[in-house]
Amino acid sequence: MMKDVVLGIESSCDETSASICLDGKVINNIIATQSIHEQYGGVVPELASRAHQQHIVPVVHKACQDAEIDLSDVTAIACTQGPGLLGSLLVGYSFSKSLSYALDVPMINVHHMKAHILAHFIDDPKPTFPFLCLTVSGGHTQIVKVKSHIEMEVLGETIDDAVGEAFDKGAKLLGLPYPGGPLVDKLAAKGDATKYNFTKSKVTNLDFSFSGVKTSLLYFLRDQLATDVTFIENHRNDLCASYQHVLIEMLTEKLLKASNKENIKRIAIAGGVSANMGLRERLLDLAKNYNWELFIPDFQYCTDNAGMIAISGYYQLIHNLHADLKDAPNPRMPF
Ligand code: KG4
Ligand code: ZN
């Protein structure tokens, strides 16, 4: 007999997702991706919100059907409360709140970035505490000291753009469609990372800054295009490889510094940019050199997904951390 049947719901940006977690085991992860934003070069909040409204019921239905459970079997509903786009969050959150009221089961507020970290508890091997997690997404870049499933401390974070944003903005300058991060990754694999040098930011503590490197790419391209309009087309792979290289160096230098400072050799990565092959390879090298125990999530749990929301909900549920009926989505939810 199952004790905890958690329905996880994610709608913070442009993926509508639902997942069922049975007694701490995530058994599915249904995702509806919104392709409508591609033609606009970025997520259009109003369109995202409308697409969530269209997808939420079928996605939840499919998650339950696939898990062979009835909605009445659900014992808790975990939903992303923030951070994210307000209109997008509102769809998942209102749906979850109504369902928790109708089914008379607790609702659980999940922090989207903490959930990216807890995605490491979906599959084996699971990290033991404490460990350090580099969380890299379209909205965040942080180094987090993870002390338990609930207690986490931010050691450093970006003071301007997130690294995913730096990938996407750089990709746009290189004439690639949105979301550019995965395309930069793909083209970088065919290019020479030592061909061009872009300026690294010089933030001294464990914080990051990515706006300067993007500007460095912008000015470099402007100067080259002044004399050769075909410069980008002819050197796109090398440009992607060199730009990706500097972003990865900035991330891993800080991660190494944090590992030395905290004397922690259990290292994890999380968030959309953790799908990046260049970053994964660099981390594998560092793990070998510095004796790190490295945790890299499965691709399906790198980008936004409800599996990570369901597992977070499960751990909060067993700690009795229920939401209040007065709670609302919070686009700037503090960590
Ligand atoms: O975590 P996520 O799915 O959504 C947010 O919470 O932001 O992260 C999305 C970000 C985007 O900036 C996307 O370009 C980036 O992750 N991304 C990648 C790769 N896959 C996704 N960046 C670089 N290389 C990739 N393979
Ligand atoms: Zn995310």
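The values are calculated or read from the model by the stated rules, or taken from the named source; none is laboratory data. If you're wondering where the values come from, they're calculated on a predicted model, not measured in any experiment. Heads up, the Cβs are rebuilt from the backbone with ideal geometry, glycines too, and the neighbour counts pull from every protein chain shown. Heavy atoms of the whole protein, side chains included, go into the accessibility calculation; ligands, DNA and RNA do not. Shrake-Rupley method; radii C 1.70, N 1.55, O 1.52, S 1.80 Å.
Side notes on the structure shown:
- Between amide H atoms placed 1.01 Å from N, distances below 5 Å from ALA268 occur with LEU132, CYS133, LEU134, PHE295, all of them 5 or more places distant or on a separate chain.
- Translational D in µm²/s for the stretch 178-290 (Stokes-Einstein at 10 °C, 1.306 mPa s, Kirkwood Rh from C-alpha pairs): 104 µm²/s
- When the alpha-carbon atoms of the stretch 97-170 are used, the pair Rg, Dmax equals 15.5, 47 angstrom.
- Surface accessible to a 1.4 Å probe, per residue, for the residues of the chain, Å²: 45 Å²
- Once C-alpha pairs closer than 8 Å and six or more residues apart are averaged by separation and normalised to the residue number of the chain, the relative contact order reads 25 percent.
- Largest-first ellipsoid semi-axes for the stretch 125-240, taking √(5λ) over the Cα gyration tensor eigenvalues, angstrom: 33, 15, 11
- Candidate aspartates and glutamates - alpha carbon under 13 Å from LYS257, same-chain residues fewer than 8 apart omitted: ASP207, GLU249
- Full extension of the chain between LYS126 and ILE27 yields a length gain of 34.0 nm, computed as 0.36 nm times the residue separation minus the alpha carbon distance.
- GNM result for the chain, Cα springs below 10 Å: residue of PHE208, PHE167, PHE299 fluctuating most strongly: PHE299
- Cα-Cα P(r), the chain, percent of pairs per 20 Å interval: 32, 55, 13, 0
- Global size of the stretch 1-144 as Cα Rg and Dmax, reported in angstrom: 15.4, 49
- Here the calculated FRET efficiency for THR199 and SER98, from their Cβ-Cβ distance with R0 = 35 Å, stands at 0.10, rounded to the nearest 0.05.
- Taken about its Cα centre, the chain carries a charge dipole of about 760 debye when Lys and Arg each add +1 at the Cβ and Asp and Glu each add -1 at the Cβ.
- Within the same chain, lysines fewer than 8 places from LYS254 are excluded, and of the rest, those with a Cα less than 23 Å from its Cα are LYS114, LYS145, LYS147, LYS169, LYS200, LYS202, LYS214, LYS265, LYS288.
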